[in-house]
Amino acid sequence: MKKKRMKSVLLVTFTSILAVLFIFPLIWMVFTSFKTLSESLSSAGLFPNEWTLEHYQTIFSASADSNMVQWTINTAVVTLMGTVIVIFVDVLAAYALARLNIPGKKIILAIVIIALTVPGIVTLFPAFYLFKSVNLLDTYYPLILPYSAGTLGVFLIYNFLRSFPQELEEAAYLDGATQWQVLTKVIFPSIKPVVTTLGVVTFLAIYNDFLWPSLVTNSDEMKTLTLGVATLVQGSNFVNPAAMMASTVVATVPALLIFLWANKYFVKGVTNSGIK
Amino acid sequence: MYMTKRTKWIGFLFVIPFLLSFLIFWLTPLLYGIWISLHDFRLSVGNNGFIGLKNYVDILTPDTLYNNVFMNSLKNTLMFIVLSVPPLILISLGLALLIDNLPKRLKTFFRTVFFLSYAISVTAVSALYLWLFGANGGFINNLLLNTGMISSPINWTGDQPYAWFVIVIATVWWTIGFNMLLFVNALDEVDPNLYEAADLDGASSWNKFRYITLPDIRNISIFVMITTVIASFNLYGQSLLITRGGPSQSTSSLIMGIHATVFGNNQLGVGSAMALLMGLIMMVITGLQYWMSYRNNKEETESGKSEKKRFTRATNVGPTNVSSRPATTIEKKERKVT
Amino acid sequence: MLNRKYAMLMSAGLLTFAMSGCTPNDSGDSGKTEIKFINGFTGGDGDYMTKIVDDFNSSQDTYQVVQSQEKEHYTKFKSGDYDLVVMHETNLDTYQKDQLIQDVGPFMEAAEISESDFNEAGVQSGSVDDKMFGVPLDIHPLTMFYNKDMVKEAPTDYEQLKQLGESLQAEDSNLYAFGLPSTGLTTFYFTVAAAQNGIDLAKEGYLNFTDSTYADALMQYHAMVFEDKTSPEKLGLDGEFQAFMKSAEDSSKQTAVTFTGPWYYQAVKEKYGDALGIGKMPTLFEQEATTGNAHTIAVAAAVDDQETKDGIAEFLKFMYTPENLANWAESGQTPTHVATLELISEDPEKYALANQNQEQLEIYEPAPRVYQFDEQMRYMNEVVFTKLTGEANLTKEDLMAELEKATKAAKQVADTQQ
């Protein structure tokens, strides 16, 4: 027993050291953001010799060249709407495919599976050109809608439903419920775990997407946080690492908070859903 | 079921949103992309006429402008896959094993810590590593110099193999949490009775890992490998922002090459052809991985009856063997209910 | 259970609401005609262009200029719907041939601006085949900044820089005379090596780098790093500027002089204050010359409605009055508009850099005008300069092989022209 305890203490210590190393870049990012320009350019120390808030003030000042606040709003709109639409579209389709004897079911299922094997890069540039042709670049539409064409969600939920017992639904039909009622009152509650996972995966995918938004947005006001930070890396802030780090801190904090909150749902979702 | 002809068509209404969005945002761009790739199509002025397979021929003829771009970036991308996939799988599995052996309460804590970096966007990660690994007076260089580990500064982002090292480190740090989480969950589901039985038999840790853990997380490992290779194929943000494709275009990835062809050279037609070729290569590689794991599985099945169930689970699925799990989860639930 | 249904309905409602809120805004809320203007001024100079735009917008109520500043502004110009674009002189030919921009003659006429309002370098910068396709804005030559605490007088030739480097090295091994970047502003370094050796890189529409004299000149860059140690090796992207901004400590290398773009003027001024020196580009090679690029203002080919056209003319008229364009000079760029030049000469303190560079215009050699200039230079920028400043064992033969590759790539790019 004593030996086991020893082993456990060693393991915890080792893991803790790894964890500290792992989050070190984040710590460095935070401390650098409080350094002055000249110190951030040259000093090798972790802690600032002289603490300053000027970079944060610059970011949030009216004359800032970066639209940090607008980017945060855009990111919130795009990720939330995108995720809601994906869930809405996919749940409906998966339900109909798994439970209702609809026409063309086999073809649709085949499409879903074939589409899963085709890499996204193939549709990316033509999709961009199509949006350009209909003058919808630089709006929320291309930032939100195309994600709903993905078939992974339909596939996941369909698989989940297919192996799910139907007794409850049949009982509900016998009681005279419509398909819509069955979907919202019987099916939806039981597929919640897989929907949660799909939601979090979609959320992270949209939030993290860089290439697509960089194609379809033009103005600074339409950028997402991920895209905005790229502009800062390539643009004027390139000369100022402290300001750069302050921007990344600001861009990262909201996502981290959402993430910490969603973490338990995500872990649970992955366990239950079958992304395995 | 309880379906009349009318309800059958009402049921069809449920699929319409999906079908519409699939048609508009997936099928149309796909077909349009193929069509564009057969034309002399400029980003600026549009279509200059049908040219058949000329774009493809240009890309595949050695020593032409687009061939150089495509081959060089393909080579770089494959290099990145070779360099990044093993650490992304092995380190994440190692972390997962470590976490799995921790006391229960700490498990959740450390799982969250190592998953944390996944919430940071690729652009922020790149900004961070760009400055950490600065050549002239960067933090890592100063640290190594001050501790005497190197005698002269290393040009991390401008010299090979360091440039790949930085990109791989940044990628591993950024995405390892996701793979780890999948492994942690898979390890959670290994039947503890098996370990207990093995303990009674006096099995070593390695043997327990080899004969109990590994076979049980086999499916998830294949899934992790396939998705990790696909993710590494799509290298873009890290090499664009950290090394700008350098030094000497040695980290310029396929997507960067396609992007430069479309926007720099104005050639949407050639770019679309490149994208289709890249898609084809990815599908072939994914297919190969799938076929190989299928074949191995079959061999194992023949060697032992107990493997049979696993075999059937792993084979009746699409590109990612995602469907293998719900069945097991549900089975468990049902068992609980009864 | 019931609230689930409402949740779904609500989210559907939310969607409709949010989507309706994001329709593209063709005309502003104020009823003004909008002119969409894009430029690549993401450095310290951006604020000065913004000031001109803001002043114009508040000066009248018929038109509104909506400005975008983008690092990748050419990409955005191609994909977006912009009316006005700031274009480098080296890109005018390409965009004219690709039919993305139109003749600015009529706009200049409507704005009461004529070619004679600009100096010769300006007129040249805006024309394609003797026709104006860009209204000349400025010329931004390779500019020398130096640290007066380390260099008493502006160095004028390489010999002086070499001596400076030797004395600095004796003092501290992290101190160097100047820095050569691995990549970034390297186009200017390539063109200045050609100009100071009297070599013309353009040949039948493509850039020809395969030239023994040119290879010798480039090998001198190699020698600066590896023999004379006037520049540190492997400075990375924008290294010439970064190293000038550092302080020599730990592993940080610092230079006393930098040859860089004038758009960094605000940053170096902030760092050095009174210790900042500005000078003419020294003669690194055979003869005195400087190169760089020029900004012009071009009109998108798609602009055809009269209202927008009038608005553009109105904006140009506003911009090309000396008091307004002087803002641009304050950022450090040198206008080519003669009346503005006269105005800023009266205040050498405020427009220090613009005035200094005005003198440089006498020795300014414009970059070669070829189709897809940047793409033709790509291999040189991304591969060749990195080798010159990073490979100690590089020989002239190795370099010639690379130059042949670069020339071949340039020729292939030139051949993509329709």
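The values are calculated or read from the model by the stated rules, or taken from the named source; none is laboratory data. Computed from a predicted model, the values in this text were never measured in an experiment. All Cβ positions, even for glycine, are placed from backbone atoms using ideal geometry, and neighbour counts span all protein chains on display. Remember, those area values only see protein heavy atoms, side chains included, never the ligands or the DNA or RNA. Shrake-Rupley method; radii C 1.70, N 1.55, O 1.52, S 1.80 Å.
Per residue of C:47-54, what is the mean number of Cβ atoms on other protein chains within 10 angstrom of that residue's Cβ?
Average neighbour count from other chains, rounded to a whole number: 1.
For chain C, what is the mean residue ellipticity at 222 nm derived from helices alone (per DSSP H run of n ≥ 4: -39500 (n - 2.57); sum divided by total residues; nearest 500 deg cm²/dmol)?
-13500 deg cm²/dmol, from helical runs alone.
Using the structure shown, select from C:97/C:350; C:71/C:234; A:35/C:280; C:203/C:396 the pairs with a Cα to Cα distance greater than 30 angstrom.
Beyond 30 Å: C:97/C:350; A:35/C:280.
Take the alpha carbon atoms of the range C:163-216, find their center, do the same for the range B:83-151, and report the distance between the two centers in whole angstrom.
The two parts, judged by their Cα centres, are 39 Å apart.
Along the range C:144-156, what does the Karplus equation 6.51 cos²θ - 1.76 cosθ + 1.60 (θ = phi - 60°) give for ³J(HN,Hα), rounded to whole Hz, x for Gly and Pro?
So the J values, rounded to whole Hz, are 9, 10, 9, 9, 4, 5, 10, 10, 5, 10, 4, x, 10.
Using Cα-Cα distances under 8 Å and only pairs 6 or more residues apart, what relative contact order does chain B have, in percent?
Reported as a whole number, the value is 24 percent.
Which of the residues in the range C:84-98 lose at least 10 Å² of accessible area when you go from the chain alone to all protein chains together (probe 1.4 Å)?
Those residues are C:98.
If one takes the longest principal axis of the Cα atoms in chain C, at what angle in degrees, from 0 to 90 and to the nearest 10, does the Cα axis of helix C:158-171 lie?
80
Within 10 Å of each candidate Cβ there may be at most 14 other Cβ atoms; applying that plus a DSSP loop requirement, which chymotrypsin sites (Phe, Trp or Tyr not before Pro) in the range B:2-64 survive?
Taking the range B:2-64 and a limit of 14 other Cβ atoms within 10 Å, the loop chymotrypsin sites (Phe, Trp or Tyr not before Pro) found are B:2.
Highest first, please rank the peptides B:73-84, C:268-279, C:333-344 by the mean number of other Cβ atoms sitting within 10 Å of their residues.
C:333-344, B:73-84, C:268-279
For chain B, modelled as a Gaussian network with Cα springs under 10 Å, which listed residue fluctuates most, B:185, B:48, B:265?
Top of the fluctuation ranking is B:48.
Show me you know the interface measure: the accessible area buried between A and C, both chains summed, probe 1.4 Å, in Å² to the nearest 100.
Adding both sides of the contact gives about 3200 Å².
Highest GNM mean-square fluctuation, chain B, Cα pairs closer than 10 Å: which of B:186, B:260, B:119?
B:119
Give the residue list of trypsin sites (Lys or Arg not before Pro) in the range C:318-394 that are DSSP loop and have at most 15 other beta-carbon atoms within 10 angstrom.
Answer in residue order: C:350.
Computed on protein heavy atoms with a 1.4 Å probe, what is the summed buried accessible area for the chain pair A and B, in Å² to the nearest 100?
Between A and B, the summed buried area is about 9100 Å².
Using the structure shown, select from A:264/B:104; C:76/C:131; A:223/C:76 the pairs with a Cα to Cα distance greater than 21 angstrom.
Table pairs above 21 Å Cα-Cα are C:76/C:131.
Each residue of the range C:116-126 in order: what ³J(HN,Hα) in whole Hz does its phi give by Karplus 6.51 cos²θ - 1.76 cosθ + 1.60, θ = phi - 60°, with x for Gly and Pro?
With coefficients 6.51, -1.76 and 1.60, one gets 5, 6, 10, 6, 4, 4, x, 4, 4, 5, x Hz.
Interface C/B, total buried accessible area with a 1.4 Å probe, nearest 100 Å²?
2600
Are there GluC sites (Glu not before Pro) in the range A:15-88 that DSSP puts in a loop and that have at most 11 other Cβ atoms within 10 Å, and which ones?
The qualifying sites are A:50.
Calculate the mean, over all residues of peptide C:73-81, of how many other protein chain Cβ atoms lie within 10 angstrom of the residue's Cβ.
What the average comes to for C:73-81 is 6.
Check residue C:292: other-chain or 5+ apart residues with amide H under 5 Å from its amide H, H built from backbone geometry?
Those lying under 5 Å, H to H, from residue C:292 are C:142, C:367.
Can you list the DSSP H helices in chain B whose Cα atoms extend at least 18 Å along the helix axis and whose mean Kyte-Doolittle hydropathy is -1.0 or higher?
Both cut-offs are met by B:5-22, B:65-100, B:162-188, B:218-233, B:268-303.
Is there a simple number for the mean count of other chain Cβ atoms within 10 Å of the Cβ of residues in A:256-264, and what is it?
Average neighbour count from other chains, rounded to a whole number: 3.
Give me the percent of DSSP beta bridges within the protein assembly as shown that run antiparallel, rounded to the nearest 5.
Counting DSSP beta bridges with both partners in the protein assembly as shown, the antiparallel share is about 70 percent.
Can you list the residues, at least 5 places off or on another chain, whose amide H is less than 5 Å from the amide H of residue C:137, using H built in the peptide plane?
C:295, C:296, C:297
I'd like the carbon and sulfur percentage of the solvent accessible area for the range B:54-310, probe radius 1.4 Å, heavy atoms only, ligands and nucleic acids excluded.
About 64 percent, which is the carbon plus sulfur part of the accessible surface.
When chain B is modelled as a GNM with alpha-carbon springs shorter than 10 Å, which of B:254, B:214, B:276 fluctuates the most?
Answer for the Gaussian network model of chain B: B:214.
For residue C:35, which sequence-distant residues (separation of 5 or more, or a different chain) have an amide H within less than 5 Å of its own amide H, given hydrogens modelled in the peptide plane?
C:64, C:65, C:66
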